[in-house]
Amino acid sequence: MATSKKKTGKKKASKKSSRRYGKKAGEKVQRSMEEMKSGKLRSGGSGKKVTSRKQAIAIGLSEARRAGGKVPTPKKSSKKPSKKRSLKRRTGR
């Protein structure tokens, strides 16, 4: 009869090398979130006050990207047909 050992420990993955965002990116996002909460964060193009959490994160990431931080490239949006076009196709006009 052979004795078998059970594996109880999990494999440790090295998280340091596989970080998706760098420290600079985290700092920029944190700063932009604080500015949004205090009402000082403005969007670049129009200069309107930012109220969306997602928009504040996007602003922080783009600032980090410009500063040379480790940030993945933004996702490309897929081209969706407009509602008018899809209505024209359905009605045949």
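Every read-out reported here was derived from the displayed coordinates using simple, explicitly stated rules and does not represent laboratory data. Treat the numbers as computed from the prediction; the structure is a model and nothing was measured.
Please list, in order along the range 31-44, the HN-Hα scalar couplings obtained from phi with the Karplus expression 6.51 cos²θ - 1.76 cosθ + 1.60 (θ = phi - 60°), rounded to whole Hz, x for Gly and Pro.
Using θ = phi - 60°, the values come out as 5, 5, 5, 5, 5, 5, 5, 7, x, 9, 7, 10, 6, x Hz.
Using every pair of alpha-carbon atoms in the range 23-66, split the distances into 10 Å bins beginning at 0 and state the percent of pairs per bin, rounded to integers.
34, 57, 9
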